[in-house]
1. Please go through the range 196-226 and pick out each residue that is outside any loop (DSSP other than H, G, I, E, B) and over 18 Å from E253 (Cα atoms).
2. Just checking, which of I192, I196 is crowded, with 21+ Cβ neighbours inside 10 Å, touching a helix residue (DSSP H, G or I) at 6+ places or on another chain (Cβ under 7 Å), of a type in the set (V, I, T) and assigned by TED's automatic domain parsing to the domain that holds E8?
3. Just to be sure, is F77 within 27 Å of M170 (Cβ to Cβ), in contact (Cβ under 8 Å) with a residue 40 or more places away in the chain and away from the ligand (no atom under 16 Å from the Cβ)?
Amino acid sequence: MLRIETIEKRIDNRQVLSGVSFEVEPGQIVGLLGRNGTGKTTMLRTIVGIYNPDSGKVTLDGIDVHAKPEVKRDLVFIPDAPTALEGYKLGECGRMFARIYPNFDMDFFQDTLKQFGLAEGQKVRKLSKGMKMLFSTTLGLATRARYILLDEPTNGVDVIAKKQLLALIMEALTPESSIVISTHMLHELDRIADKIVLLRDGKTDEQWTLEQLQQQVRKLQIVFTNGASAQLLDQPCVHVLQQIGPVHTVLMESEELYSLLSDNNKLLIDELPLTLEDWFMWKSGGDGDAA
Ligand SMILES: Nc1ncnc2c1ncn2[C@@H]1O[C@H](COP(=O)(O)OP(=O)(O)OP(=O)(O)O)[C@@H](O)[C@H]1O
C-alpha cells in the first residue's frame with residue numbers, strides 16, 4: 001500500500017502543502033481533485049521523490065520512499081507535459097524506460113503508439129499537445145510500475161482519443177497495481193475512479209470511495225408547496241445548487257434531514273443522479289450550477 005502521511009512542503013517561502021494524508025490500495029484508481037493551484041502536482045512530485053517533504057512521509061509497503069530510492073522503481077510519475085523527453089524520439093524513450101522499469105511492456109508500448117498513429121521515429125518535441133499526452137501516458141502505463149501517477153492525462157486530448165486513453169488506463173489496472181490521476185475532468189473520474197481525494201489549500205480535505213459518496217450525499221429536487229418554509233434547507237449539511245421559485249435543487253449530506261423532509265407532505269422530492277462535479281462545486285466553494 002502507498003501511504004502519504006501528513007506531508008508538508010514549502011516552495012520559494014510559500015507553504016504549498018500543509019498536511020496531505022491519504023492511502024492508495026492495490027487495485028484502486030484514485031482521483032486527486034482540487035482547484036487550480038491547490039498543490040496536486042506538487043503532491044505527486046513529492047510522492048515520487050522529485051521533491052523531498054519538509055515533514056511527513058511517503059511509504060510503500062512500509063518503506064520510506066525518500067529514504068530508500070530503490071523503491072521508486074515501483075512508482076512512475078507522468079507529468080502534464082513530457083518536457084524532459086522533448087529532445088528524444090518516442091522509441092528512444094521506450095528503450096530508456098525499459099532499462100529503468102523491469103516490467104516494461106514493450107509490446108503494449110509499440111502497439112499503443114500505432115493505435116494512436118504515433119511513429120517511434122518521431123521526436124517528442126514535434127508532437128502536438130494532445131499527442132504528447134497520449135504518448136507520455138502510454139509510456140507511463142507501459143512501465144507496469146505498481147503505482148502509476150498521472151497528472152492531467154487527458155489534457156488537450158480529443159474526445160475519441162480520450163475514450164481510448166481512459167480504456168487503456170482501466171485495462172492497465174491489475175489487482176496488484178494502482179493508478180492515481182490528478183484531473184479537472186470530473187465526469188471522467190465519475191466513470192473510472194474507486195476513490196477520490198479532495199485537496200483544498202494544500203491539505204487533504206475529504207476522501208471518499210465513490211460508493212460511499214453516492215450513499216452519503218444525495219442530489220435532490222425539492223418543491224416547497226402550500227407555503228412550506230425553505231428555511232429547512234438552511235443547514236451546513238445542505239448545499240443549494242439552484243433555486244427557481246419553489247423548486248430547489250440541493251445536495252444533502254444527512255440521512256436524518258432527508259428522512260425528516262421525506263415525511264413532510266408539503267414537499268415534493270425527487271432524487272437526481274449525483275455527479276462528482278456537483279460535489280466538487282459544493283466542497284471547493286463554487287457557485288451553484290444545477291445540471
Ligand atoms: N517550482 C515552483 N516554484 C514556485 N512555486 C511553485 C512551484 N511549483 C508550484 N508552485 C506553487 O505551488 C502552488 C501549487 O501548485 P501546483 O502546481 O502543485 O497546483 P495544482 O493543484 O497542480 O494546480 P493546477 O490544477 O492548476 O495544475 C501554486 O501556487 C504554485 O504557484
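The values are calculated or read from the model by the stated rules, or taken from the named source; none is laboratory data. Since the model is a prediction, treat every value here as computed from it, not as a measurement. Cβ sites come from the backbone with ideal geometry, for glycine too, and all protein chains shown count toward neighbours.
1. Passing the criteria: L199, R200, K203, T204, V223, F224.
2. I196
3. Against the criterion (within 27 Å of M170 (Cβ to Cβ), in contact (Cβ under 8 Å) with a residue 40 or more places away in the chain and away from the ligand (no atom under 16 Å from the Cβ)), F77 does not qualify.
One line per residue, one yes/no per condition, for (1) at pLDDT 95 or above; (2) more than 14 Å from the ligand (Cβ to nearest atom); (3) not in a helix (DSSP H, G or I):
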site	(1), (2), (3)
E8	yes, no, yes
L17	yes, no, yes
S21	yes, yes, yes
R35	no, no, yes
T42	yes, no, no
I50	no, no, yes
G56	yes, yes, yes
E70	no, yes, no
A84	no, yes, no
